[in-house]
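The values are calculated or read from the model by the stated rules, or taken from the named source; none is laboratory data. Since this is a predicted model, take the numbers as computed values, not measurements. Don't worry about glycine lacking a Cβ; one is built from the backbone with ideal geometry, like all the others, and counts go over all protein chains shown. Please note that ligands, DNA and RNA were not included when accessible areas were found on the heavy atoms of the full protein model with its side chains. Shrake-Rupley method; radii C 1.70, N 1.55, O 1.52, S 1.80 Å.
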Amino acid sequence: MKTILAAVIGGLIVFAGIKYLDSQMQGQVPGRAVQAPAHAPSALDKVMASHTLRCAYAAYDPFIIIGANGDVKGIFHDVLEEAAKRLSLKVEWTEEVGYGNINTGFMTGRYDAFCAGLWPAGSRATSTLFSQAVVWDPVGVWVRGNDNRFDGHMEALNDPSYKIAVIDGDATIAMADAMYPKAGRLAVSQNQTIGEEITQVATGKADALFQDYLSADRFMATSPGSLKNLSPHKPALIYALTVGYNQGEFALRDMVNVVLDDMDRDGTTARIVKTYLGDKSNLVFHKQGQYEPY
């Protein structure tokens, strides 16, 4: 009997010791309830607490136009201002950033969204969350204005003897990989301007590039005849222009998406596009259904 009692007492002592060590490893004080770890507030929490959506932006005329005194206007400016109004929020246009530095500000908490129009790209998807399309951006394959080698057969660009100009970390890499996997690449930094990117083709350093209709049209306004669209009547591709968020901020994205969808249905976004583009509004598509693949 004494042997059994001693064994039971010994077992209880061992059990208590194990529980104590386990509590020490978990940072607990024996006898106290376990405290759940505190979670950092989400972007939506911050927006709703401050009633303010902090937007980063980059110059991308006519989607974001930055005036000489730093004031901001443009299609995305007006769309985000109206969306915030419908959510009883205000927009703070926090800072101008380069397309290659968007996620730095997300990680340091300087802003809640990138509100200048962003092409979704697989290279960004691990770190960036994209909204639904605000507008659809038709993209052509452009060559020098006097280059007739690919007229009527743009597929001929898929050859190692040719180079496609692409932007590091941008959707243009996915475009080139999909349509011209055999062609060479001439990569430019995301910190370069659209004009500098187009110049790679205009000066003969590259044979072709993917560019949206609006940007090419604005470049040719000052350099007439410098470029030619190999598919002028049917875009080679179409990409959504979106609002960007830090990866994981689904709640904030989904809240704003509801209003963007409302603005799409009631014609508000179309009217804003018309305000800035007038008779050139067909250079962006309001509906993806307007697009037929090349």
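Summary table below
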{"read-out": "Condition broken by residue 244, with the remaining ones in (1) small (Gly, Ala, Ser); (2) surrounded by fewer than 18 Cβ atoms within 10 Å (Cβ to Cβ); (3) at pLDDT 90 or above satisfied", "value": "(2)"}
{"read-out": "Number of positions in the range 50-85 that are in contact with an Asp or Glu (Cβ under 8 Å, 6 or more places away or on another chain), at pLDDT below 95 and open to solvent by less than 30 Å² (accessible area, probe 1.4 Å)", "value": "1"}
{"read-out": "Residues located in the range 120-144, provided they are loosely packed, with under 15 Cβ neighbours inside 10 Å and either among the aromatic types (Phe, Trp, Tyr) or touching a Ser or Thr at 6+ places or on another chain (Cβ under 9 Å) (or both)", "value": "none"}
{"read-out": "Some residue of the range 259-281 being among the charged types (D, E, K, R), assigned to a loop (DSSP other than H, G, I, E, B), modelled with pLDDT under 95 and within 28 Å of residue 169 (Cα to Cα)", "value": "no"}
{"read-out": "Selection from the range 242-258 of residues that are acidic (Asp, Glu) and assigned to a helix (DSSP H, G or I)", "value": "254"}
{"read-out": "Residue 134, sole failed condition from (1) under 29 Å from residue 259 (Cα atoms); (2) over 14 Å from the mean Cα position of the chain (by Cα)", "value": "(2)"}
{"read-out": "Any hit, the range 99-110, residues being modelled with pLDDT of 95 or more and either aromatic (Phe, Trp, Tyr) or surrounded by 18 or more Cβ atoms within 10 Å (Cβ to Cβ) (or both)", "value": "no"}
{"read-out": "Positions within the range 168-197 being at pLDDT below 85 and either hydrophobic (A, V, I, L, M, F, W, C) or under 18 Å from the mean Cα position of the chain (by Cα) (or both), in sequence order", "value": "168, 169, 170, 171, 188, 189, 190, 191, 192, 193, 194"}
{"read-out": "So residue 38, is it aliphatic (A, V, I, L, M) and at pLDDT 90 or above", "value": "no"}
{"read-out": "Checklist (1) touching an Asp or Glu at 6+ places or on another chain (Cβ under 7 Å); (2) surrounded by fewer than 18 Cβ atoms within 10 Å (Cβ to Cβ) applied to residue 263, failing item", "value": "(2)"}
{"read-out": "Test: residue in the range 8-28 that is surrounded by fewer than 19 Cβ atoms within 10 Å (Cβ to Cβ), among the β-branched types (Val, Ile, Thr) and either at pLDDT 85 or above or touching a Phe, Trp or Tyr at 6+ places or on another chain (Cβ under 8 Å) (or both)", "value": "no"}
{"read-out": "Filtered residues of the range 195-225 (kept if free of Cβ contacts under 8 Å to residues at least 24 places away in the same chain and of a type in the set (D, E, K, R))", "value": "196"}
{"read-out": "Qualifying residue in the range 272-284 (condition: open to solvent by less than 30 Å² (accessible area, probe 1.4 Å), in contact (Cβ under 8 Å) with a residue 40 or more places away in the chain, in contact with a strand residue (DSSP E or B) (Cβ under 7 Å, 6 or more places away or on another chain) and over 20 Å from residue 61 (Cβ atoms))", "value": "no"}
{"read-out": "Test: residue in the range 159-168 that is in contact (Cβ under 8 Å) with a residue 24 or more places away in the chain, touching a strand residue (DSSP E or B) at 6+ places or on another chain (Cβ under 6 Å) and of a type in the set (Lys, Arg)", "value": "yes"}
{"read-out": "Selection from the range 113-123 of residues that are in contact with a Gly (Cβ under 7 Å, 6 or more places away or on another chain) and not aromatic (Phe, Trp, Tyr)", "value": "113, 118, 123"}
